[in-house]
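Shown next, in structure tokens, is the structure this report addresses.
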Amino acid sequence: MLKEKLKGKHIILASGSPRRQDFFKNLGLDFEIRLKPIKEEYPLRLRHFEISDYLAQLKSLPFLDELKPNDILVTSDTIVWHNDKALGKPKNNDEAFQMISSLSGATHEVISSVCIRNMTFQKTINAVTKVTFRALTPEEIWYYINTYAPLDKAGAYGIQEWIGQIGVTKIEGSYFNVMGLPTHAVYNTLIAFAENNY
């Protein structure tokens with residue numbers, strides 16, 4: 001359905017995340033993966049979804065000069081928000097342990113923002129999901145880190161992996177958003193792009 005509505009459009013997904021790529025495949029879309037390196041830094045004054053919105057938009061900037069009239073560019077960013085601060089990707093295993101330990105026995109928010117744009121129009125959307133972990137033992141946390149190497153994930157964990165299966169006790173909001181893409185919101189926004197001929 002969405003593929004038909006976007007006929008004649010060229011979707012560019014600027015993400016190296018296998019999970020985000022799978023989501024686009026599952027939406028039935030033909031798309032190109034195009035990557036550009038960018039320093040993921042943001043002004044310290046930003047809070048909550050302002051951070052992920054800013055980074056999603058920042059990731060789109062290197063592509064602007066090369067967009068063609070039929071292109072739709074999709075960039076995204078995910079953060080974990082806990083104790084009034086953002087948790088990005090851990091730099092090493094020790095930092096991953098600290099992050100997961102702080103999430104243990106508590107509720108945090110996962111925020112994913114998506115910037116969808118073409119040559120003349122831009123829309124940024126976001127979604128927030130609350131995730132609750134039971135109290136995890138140090139042995140469980142280290143087992144997860146050593147087995148799954150989650151250094152490429154915000155908050156140092158992937159909910160679809162072992163730690164999510166044994167540790168998550170409650171989710172409020174989109175599960176797929178926690179995996180890195182609010183697919184329902186992306187679907188609706190892409191339909192709006194097609195129907196309004198942005």
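Taken together, the values in this text are just the output of simple stated rules run on the coordinates, not laboratory data. This structure is a prediction, so every number in the text was calculated from the model and none was measured. All Cβ positions, even for glycine, are placed from backbone atoms using ideal geometry, and neighbour counts span all protein chains on display.
Gyration tensor over the Cα atoms of segment 1-44: the corresponding equivalent ellipsoid has semi-axes (square roots of 5 times the eigenvalues, largest first) of 25, 12, 10 Å. Computed over segment 10-95, the Cα gyration tensor eigenvalues convert (square root of 5λ each) into semi-axes of 26, 16, 12 Å, ordered from largest to smallest. Suppose R0 equals 41 Å. What FRET efficiency, 1/(1 + (r/R0)^6) with r the Cβ-Cβ distance, do residue 132 and residue 70 give to the nearest 0.05? Plugging the Cβ-Cβ distance into 1/(1 + (r/R0)^6) gives 0.40. Dividing the Cα radius of gyration of segment 108-157 by 2.2 N^0.38 Å, with N the residue count, gives 1.69. Compared with the dominant Cα axis of the chain, that is its longest principal axis, helix 93-103 is turned about 90°. Estimated translational diffusion coefficient (Stokes-Einstein, Kirkwood radius over Cα pairs, 37 °C, 0.692 mPa s) of segment 108-198: 221 µm² per second.
Spread over its residues, the convex hull of the C-alpha atoms of segment 3-147 is 133 Å³ per residue.
Of the residues 169, 154, 119, the one whose Cα sits farthest toward the positive end of the charge dipole of the chain, with +1 on the Cβ of Lys and Arg and -1 on the Cβ of Asp and Glu, is 119. Applying 0.36 nm per residue to the separation of residue 123 and residue 21 and subtracting their alpha-carbon distance, the gain on full extension is 34.7 nm.
Amide H contacts of residue 106 (H built 1.01 Å from N, in plane; Pro and chain starts excluded): 133 sit under 5 Å, all sequence-distant by 5 or more or on other chains. Applying the criteria of a DSSP loop state and at most 13 other Cβ atoms within 10 Å to the trypsin sites (Lys or Arg not before Pro) of segment 1-42 yields 7, 39.
Using a cut-off of 31 Å between Cα atoms, the listed pairs 89/123; 9/170; 91/170; 9/59; 39/123; 39/170 include 9/170; 39/170 as exceeding that distance.
The length gained by stretching the chain between residue 47 and residue 34 to full extension, at 0.36 nm per residue less their Cα-Cα distance, is 1.8 nm.
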